[in-house]
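First the structure, in the form of structure tokens, and then the observations on it.
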Amino acid sequence: MKTIASFKVNHDLLEKGMYISRIDGDIVTYDIRMKKPNNNDFLKNGAMHTFEHLFATYVRNTKYENEIIYVGPMGCRTGFYFLVRDKITHKEAIKLIQEAFKFISDFEGEIPGATRQECGNYLEHDLDGAKEIAKDMINVLKNWTEERMKYDN
């Protein structure tokens with residue numbers, strides 16, 4: 001079998017940030033890397049789960065709601081994939097992510113979609129952990145540019 005594109009990225013060189021993982025037709029996949037791979041520091045499940053709920057809720061409640069395809073964590077627990085239609089420019093995607101992470105870092109109240117009826121694992125949430133992830137990534141992405149969105153391998 002062919003090696004898929006994401007396995008061709010040298011994870012030993014990958015740093016925290018936001019990268020263009022692939023473009024398929026009008027769909028852009030962003031790699032939002034929140035932890036340095038293979039560094040024995042991974043996103044904790046509860047925090048990652050809450051982050052997902054808040055991230056997805058925020059972006060799907062913006063003017064880009066119809067352009068959002070998918071928001072979800074990577075199985076390796078080092079980041080998230082963010083898939084959008086190419087009507088959102090890379091510059092707009094960076095700004096949207098920065099705004100979403102600010103929303104998460106400041107969030108107070110009930111986690112959206114976190115009841116038994118709405119969520120398949122409603123007991124495993126960690127709002128404080130999600131806020132920590134967001135605060136860290138706000139700092140990482142504060143001066144992020146389109147030029148930095150390419151992998152360095």
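Just so you know, all these numbers are worked out from the coordinates, no wet-lab data involved. No experiment lies behind these values; they were computed from the predicted model shown. Positions of Cβ are generated from backbone atoms using ideal geometry, with glycine treated the same way; all protein chains shown enter the neighbour counts.
Arg77 meets all of the listed conditions (1) free of Cβ contacts under 8 Å to residues at least 12 places away in the same chain; (2) among the basic types (Lys, Arg); (3) in contact with a Phe, Trp or Tyr (Cβ under 7 Å, 6 or more places away or on another chain) but one, namely (1). The single condition from (1) within 21 Å of Val140 (Cα to Cα); (2) among the β-branched types (Val, Ile, Thr); (3) surrounded by 15 or more Cβ atoms within 10 Å (Cβ to Cβ) that Thr89 fails is (3). Hey, does region 105-123 have a residue that's out of contact with any His (no Cβ under 8 Å at 6 or more places or on another chain), closer than 24 Å to Glu15 by Cα and either of a type outside the set (Asp, Glu) or crowded, with 17+ Cβ neighbours inside 10 Å (or both)? Yes, that holds for at least one residue.
Give me a count of the residues in region 105-148 that are aromatic (Phe, Trp, Tyr) and under 30 Å from His90 (Cα atoms). Let's see the steps before the verdict.
Residues of region 105-148 aromatic (Phe, Trp, Tyr): 107, 122, 144.
Subset that is under 30 Å from His90 (Cα atoms): 107, 144.
Summing the residues that are aromatic (Phe, Trp, Tyr) and under 30 Å from His90 (Cα atoms) in region 105-148 gives 2.
Every test in (1) in contact with a helix residue (DSSP H, G or I) (Cβ under 9 Å, 6 or more places away or on another chain); (2) part of a loop (DSSP other than H, G, I, E, B) is passed by Lys135 save one, and that test is (2).
Applying the criterion of being among the β-branched types (Val, Ile, Thr) and in a loop (DSSP other than H, G, I, E, B) to the residues of region 78-107, the residue that is nearest to the chain's Cα centre (by Cα) is Thr78. Looking only at region 63-72, decide whether some residue is assigned to a helix (DSSP H, G or I), over 12 Å from the mean Cα position of the chain (by Cα) and exposed (fewer than 14 other Cβ atoms within 10 Å of the Cβ). Yes, the conditions are met somewhere in region 63-72. Among the residues of region 125-153, none is identified as free of Cβ contacts under 8 Å to residues at least 24 places away in the same chain and crowded, with 18+ Cβ neighbours inside 10 Å.
Can you say whether Phe107 is under 17 Å from Lys16 (Cβ atoms) and not hydroxyl-bearing (Ser, Thr, Tyr), as far as the supplied structure shows? So that I can check it myself, show each step before the final result.
Details: under 17 Å from Lys16 (Cβ atoms): no; not hydroxyl-bearing (Ser, Thr, Tyr): yes.
It is false that Phe107 is under 17 Å from Lys16 (Cβ atoms) and not hydroxyl-bearing (Ser, Thr, Tyr).
Pairs meeting the criteria (first residue in region 105-124 and closer than 30 Å to Lys142 by Cβ and touching a residue at least 12 places away in the same chain (Cβ under 8 Å), second residue among the aliphatic types (A, V, I, L, M) and surrounded by 10 or more Cβ atoms within 10 Å (Cβ to Cβ), beta carbons under 8 Å, at least 6 apart or on different chains) are Ser105/Ala134; Ser105/Ile138; Phe107/Leu54; Phe107/Leu127; Phe107/Ala130; Ile111/Leu54; Ile111/Leu127; Pro112/Leu54.
Only one of these is over 19 Å from Ile27 (Cβ atoms) and either touching a helix residue (DSSP H, G or I) at 6+ places or on another chain (Cβ under 9 Å) or in a helix (DSSP H, G or I) (or both): Gly75, Gly129. Name it.
Numbers: Gly75 fails: either touching a helix residue (DSSP H, G or I) at 6+ places or on another chain (Cβ under 9 Å) or in a helix (DSSP H, G or I) (or both).
On inspection, the qualifying residue turns out to be Gly129.
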